[in-house]
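Notes for the one structure printed next.
The values are calculated or read from the model by the stated rules, or taken from the named source; none is laboratory data. Because the structure is a prediction, the values reported are computed rather than measured. Positions of Cβ are generated from backbone atoms using ideal geometry, with glycine treated the same way; all protein chains shown enter the neighbour counts. Please note that ligands, DNA and RNA were not included when accessible areas were found on the heavy atoms of the full protein model with its side chains. Shrake-Rupley method; radii C 1.70, N 1.55, O 1.52, S 1.80 Å.
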Number of protein chains: 2
Amino acid sequence: MRLYNSPISGNCYKVRLLLAHLGLPYETSFVDAVDRTQKRDELDGLSPSRRVPTLVLDDGRPLAESNAIVWYLGEGTRFVPGDPYARAQMLQWMFWEQYDHEPAIAVLRFLKTYSGRPDWYEAQREHLYKRGVKALDAMEQHLKGRDWFAGDEMSLADIVLYAYTHAADEGGFDLEPYPAVRAWLSRVAAEPGHVPIDA
Amino acid sequence: MRLYNSPISGNCYKVRLLLAHLGLPYETSFVDAVDRTQKRDELDGLSPSRRVPTLVLDDGRPLAESNAIVWYLGEGTRFVPGDPYARAQMLQWMFWEQYDHEPAIAVLRFLKTYSGRPDWYEAQREHLYKRGVKALDAMEQHLKGRDWFAGDEMSLADIVLYAYTHAADEGGFDLEPYPAVRAWLSRVAAEPGHVPIDA
């Protein structure tokens, strides 16, 4: 398998983290992405949005969208609950991650730390910060009294939400008011097989 | 089952359309949503984002996020491909729908036709129109020479992409330059069991 990969992208880190847990071998093609804004001609025909991560299977078939890639790699493993309701709840949080979490927390991280454009960051800071706080509030509320987002074990929902939440400080978010979120981040990082984003 | 439902929301229409295809009985609770901006205290604890659609199962367990709801209802039916790669491709287009398609095409439809705020529409029109055209371009490119988004039959990917694409004109989009998209819309609407958004 070949992963079109940006080392700093949290969306790519989701895939690398799962591959590490599963012990699967893969090669990478470096894409000089400044995170999510990157679009590449080399990904034309491989990804509808020409973004990383994009996975190309051994037989050449492509798969795009970080959360669909981890689904493909994770189906049938311990990271996808066997119970249909828990599995749907896992997907609920994965869709929520792409709609409510990533567009605020990942984008603000990109603008603040990687874009090299403080004017872009300033222009969007207030709006995206409010959205990001709402997302963190929803996570904190859900994690009170729970160890994992769906089911009784760590699942793909935890992996995909970890990717940008653990780097939220790079977007100017302070996790101090979120004790349940911080405990959950430690829990994910303590799982055997875990690798950091810069591994 | 009880569906917290807004009649004009395309995200709710996805669920109603699948339920019609599957012939499953359900009750609705009307939520006076002006589409996606709606957040309701009654949905607190049922949906991380307090948006419609939210489904409450017979035993009281809630499920939110339109694409996770259709997954739950559709798993094991003809609308989810049996082949793992086709299933992951279906999810790829469903994640893409929530990240690239809905935030442009559904939001512009809401602003233009339902918000009652022409000033909001004008402020976002140019930006969202460009994003929406990119999404329609990606659909047209993929559908050339294909009948369905993933696998050999209509799947959940077609159902969720149909919801806002078929109403794109309400957001100011002209589908004339997209013959493959228009043929696909007709194909979806011709399936036995299809119901319109205002059924």
Original post:
So is A:E97 of a type in the set (D, E), open to solvent by less than 10 Å² (accessible area, probe 1.4 Å) and either under 20 Å from the mean Cα position of the chain (by Cα) or at pLDDT 95 or above (or both) or not?
Top reply: yes
Original post:
From the residues in the range A:153-193 that are of a type in the set (S, T, Y) and in contact (Cβ under 8 Å) with a residue 40 or more places away in the chain, which one is surrounded by the fewest Cβ atoms within 10 Å (Cβ to Cβ)?
Top reply: A:Y178
**OP:** Mind telling me which of the residues A:R125, A:R117 ends up being farther than 30 Å from B:D44 by Cα and open to solvent by 70 Å² or more (accessible area, probe 1.4 Å)?
**Re:** A:R117
Subject >> Condition check for A:R16: closer than 30 Å to B:Y72 by Cβ and in a loop (DSSP other than H, G, I, E, B) >> reply: no
Subject >> Selected residue [within 12 Å of chain A (Cβ to nearest Cβ) and either in contact with a Cys (Cβ under 8 Å, 6 or more places away or on another chain) or open to solvent by less than 40 Å² (accessible area, probe 1.4 Å) (or both)] from B:L111, B:L73, B:L19 >> reply: B:L73
Original post:
Given the structure, is A:K130 within 17 Å of B:S47 (Cβ to Cβ), within 14 Å of chain B (Cβ to nearest Cβ) and open to solvent by 40 Å² or more (accessible area, probe 1.4 Å)?
Top reply: no
Subject >> Odd one out for A:Y121 among (1) assigned to a loop (DSSP other than H, G, I, E, B); (2) more than 13 Å from every other protein chain (Cβ to nearest Cβ); (3) without any contact (Cβ under 8 Å) to a residue 24 or more places away in the chain >> reply: (1)
Original post:
Mind checking which residues of the range A:76-94 are among the β-branched types (V, I, T) and either surrounded by fewer than 19 Cβ atoms within 10 Å (Cβ to Cβ) or over 18 Å from B:A68 (Cα atoms) (or both)?
Top reply: A:T77
Original post:
Which residue out of B:L63, B:L55 is within 7 Å of another protein chain (Cβ to nearest Cβ) and in a strand (DSSP E or B)?
Top reply: B:L63
**OP:** Test A:G82 against the criterion of being more than 9 Å from chain B (Cβ to nearest Cβ), more than 30 Å from A:Y129 (Cβ to Cβ), part of a loop (DSSP other than H, G, I, E, B) and of a type in the set (G, A, S), and give yes or no.
**Re:** yes
**OP:** Return the pairs, sorted by first residue and then second, in which the second residue is basic (K, R) and in a loop (DSSP other than H, G, I, E, B), the first residue lies in the range A:41-59 and is on the phi > 0 side of the Ramachandran plot and surrounded by 18 or more Cβ atoms within 10 Å (Cβ to Cβ), the beta carbons are less than 8 Å apart, and the residues are 6+ apart or on different chains.
**Re:** A:R50/A:K39; A:R50/A:R40
Original post:
For the range B:133-158, how many residues are within 14 Å of chain A (Cβ to nearest Cβ), under 20 Å from B:G10 (Cα atoms) and outside any helix (DSSP H, G or I)?
Top reply: 2
